[in-house]
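A short worksheet on the structure shown next.
The values are calculated or read from the model by the stated rules, or taken from the named source; none is laboratory data. Note that the structure is a prediction, hence the values are computed from the model and not measured. Please note: Cβ atoms are built from the backbone with ideal geometry, for glycine as well, and neighbour counts cover all protein chains shown. In case anyone asks, the SASA skips ligands and DNA or RNA and just uses the protein heavy atoms, side chains included. Shrake-Rupley method; radii C 1.70, N 1.55, O 1.52, S 1.80 Å.
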Amino acid sequence: QVQLVESGGALVQAGGSLRLSCAASGNIFSINAMGWYRQAPGKQRELVASITSSGSANYADSVKGRFTISRDNAKNTVYLQMNSLKPEDTGVYYCNAYLIVPGMGMAEEFDSWGQGTQVTVSS
């Protein structure tokens with residue numbers, strides 16, 4: 001069984017910083033793309049940032065210049081450094097990863113999600 005476990009969510013004032021972490025565990029051969037999504041109350045889940053296995057990153061326009069995604073492949077972990085936080089960054093942040101796991105006779109790619117971590121930015 002594989003799982004993603006997020007940590008780092010908290011209540012912070014506008015202008016502050018937070019660092020989210022997400023660690024993958026279980027019988028994993030490797031990990032392809034990893035990413036962070038968020039969902040605000042009453043809104044759809046949206047992509048915040050993603051990173052390929054080689055380290056190429058992509059960001060939503062709303063967080064460019066403020067958020068940085070990184071990963072440690074040796075630890076199967078992805079991070080999201082969030083600076084200059086705004087109230088509109090409030091939401092539940094979910095980690096996503098495409099895990100390469102043992103399958104029926106060959107490796108398979110498994111789309112895995114974490115349970116979410118709450119980020120609240122007060123004005």
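Restricting to segment 1-30, count the residues that are part of a loop (DSSP other than H, G, I, E, B) and farther than 25 Å from PRO102 by Cα. Show your work before the answer.
Pass one, segment 1-30, residues part of a loop (DSSP other than H, G, I, E, B): 1-2, 8-10, 14-17, 26-29.
Okay, now just the ones that are also farther than 25 Å from PRO102 by Cα, so 8-10, 14-17.
Counting residues in segment 1-30 that are part of a loop (DSSP other than H, G, I, E, B) and farther than 25 Å from PRO102 by Cα gives 7.
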Checklist line | Residue pairs meeting the criteria (Cβ under 6 Å; at least 6 apart or on separate chains; first open to solvent by 50 Å² or more (accessible area, probe 1.4 Å), in segment 7-18; second among the small types (Gly, Ala, Ser)) | finding: SER7/SER21; GLN13/SER122; ALA14/SER123
Next item on the list: Could you tell me which numbered condition LEU85 fails, if it satisfies all but one of (1) touching a strand residue (DSSP E or B) at 6+ places or on another chain (Cβ under 6 Å); (2) modelled with pLDDT of 95 or more; (3) open to solvent by 20 Å² or more (accessible area, probe 1.4 Å)?
Entry: (3)
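Condition check: part of a strand (DSSP E or B) and either open to solvent by 60 Å² or more (accessible area, probe 1.4 Å) or over 15 Å from GLY9 (Cβ atoms) (or both). Does ALA74 satisfy that?
Working: part of a strand (DSSP E or B): no; either open to solvent by 60 Å² or more (accessible area, probe 1.4 Å) or over 15 Å from GLY9 (Cβ atoms) (or both): yes.
So ALA74 fails the test.
What residue, among those in segment 19-56 that are of a type in the set (Phe, Trp, Tyr) and in contact (Cβ under 8 Å) with a residue 60 or more places away in the chain, is least open to solvent (accessible area, probe 1.4 Å)? Spell out the reasoning first.
Of all residues in segment 19-56, those of a type in the set (Phe, Trp, Tyr) come to 29, 36-37.
Remaining after also requiring in contact (Cβ under 8 Å) with a residue 60 or more places away in the chain: 29, 36.
Details: PHE29: 128, TRP36: 0 Å².
Within segment 19-56, the match that is least open to solvent (accessible area, probe 1.4 Å) is TRP36.
Of the residues MET82, MET106, which single one is free of Cβ contacts under 8 Å to residues at least 40 places away in the same chain and among the aliphatic types (A, V, I, L, M)? Walk me through how you get there before you give the answer.
Numbers: MET82 fails: free of Cβ contacts under 8 Å to residues at least 40 places away in the same chain.
Sole residue among the options that is free of Cβ contacts under 8 Å to residues at least 40 places away in the same chain and among the aliphatic types (A, V, I, L, M): MET106.
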